[in-house]
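Inspection log for the structure reproduced underneath, given as structure tokens.
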Amino acid sequence: MQPKPIRAVSRALAVLAALNRHGSATALQLARASGVPRATVYRVLQTLIEDGYVARSGMGELFRLRLKVRTLSEGFQDEQWISGVAAPVLAALTKRILWPCDVATLEGTRMVIRETTHRTAPLSIDRSMVGTELPLLASATGLAYLAFAPEAERTALLRLLASSDDPADAPAGAPATVGRLLATTRRRGFGARQGGRLWPHTGAIALPIRHGERVIGCVNVVWMARVMSLQEGIARCLPPLREAAAEIEARLAAGEG
């Protein structure tokens, strides 16, 4: 005998999914988007607030997700899609352009490299890159993630970075400057870096990887800064990088990994 489904759980998930789509919303908006009665939406939201997944904003009429909601997706293991889907696409990309590339995912307030072709790329620059942490505001990968992440997540991350004592996070203390930087990244459609204090010898571009409405990671290409300018790197590497990101997303959408 099959156990009966718990309708209250279904309604709570519907409200959470609706809030994720909106970024921030009123209870009425969430009721309309989820099909859950407004009185029930209020009870669900209060529960999620007490459990740390949702917060009120503005004058208390709007609700938004808190960063803790990311823990709900940790059962979707990075390794499953990275090894099964992204790794072979990275290998094909490097075979095509010769430069190394990486896939990175968010961990706390850093992007962490999970897979790389540095060890096999003919034009490899560095070695042993798996596990390397990339600051969000000082790397092409971090900029790509921040620029294209849902607004609620981006706001929470920037708030955390602003309270950090790491010099790499210092730009978060100037919201207007960061806002312009992220707006430029969104307008371009990719994160970019040429040189810089942390990696003066390299340049890079990066694209977000989306699965449904989530940004689950980023894919990048890295080159020697003394060999290629940023403009040359974009011209040579961006088209194949876009194709690689699109292939990863298509395979994820098809249920691979």
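The values are calculated or read from the model by the stated rules, or taken from the named source; none is laboratory data. Just so it is clear, the model here is predicted, and its values are computed rather than measured. Don't worry about glycine lacking a Cβ; one is built from the backbone with ideal geometry, like all the others, and counts go over all protein chains shown.
Couple of notes before you dig in:
- From the options Leu230, Leu207, residue that is in contact (Cβ under 8 Å) with a residue 60 or more places away in the chain and in contact with a strand residue (DSSP E or B) (Cβ under 9 Å, 6 or more places away or on another chain): Leu207
- Residues in the range 21-38 that are surrounded by 18 or more Cβ atoms within 10 Å (Cβ to Cβ) and more than 11 Å from Phe63 (Cβ to Cβ): Ala31, Ser34, Val36.
- In the range 1-52, the qualifying residues are those that are of a type in the set (S, T, N, Q) and touching a residue at least 60 places away in the same chain (Cβ under 8 Å), and the one that is nearest to Arg214 (Cα to Cα) is Asn20.
- Verdict on Glu247 being crowded, with 16+ Cβ neighbours inside 10 Å, touching a residue at least 60 places away in the same chain (Cβ under 8 Å) and either not basic (Lys, Arg) or not assigned by TED's automatic domain parsing to the domain that holds Ile97 (or both): yes
- Hits in the range 91-126 - residues which are β-branched (Val, Ile, Thr), under 17 Å from Ala168 (Cβ atoms) and not in a strand (DSSP E or B): Thr109
- Restricting the search to helices (runs of 4 or more DSSP H) fully inside the range 127-239 and requiring at least 1 residues that are within 16 Å of the chain's Cα centre (by Cα), over 19 Å from Val112 (Cβ atoms) and of a type in the set (A, V, I, L, M, F, W, C) gives 151-162, 175-188.
- Condition met for Ala147 (surrounded by 15 or more Cβ atoms within 10 Å (Cβ to Cβ) and in contact with a Leu (Cβ under 6 Å, 6 or more places away or on another chain)): yes
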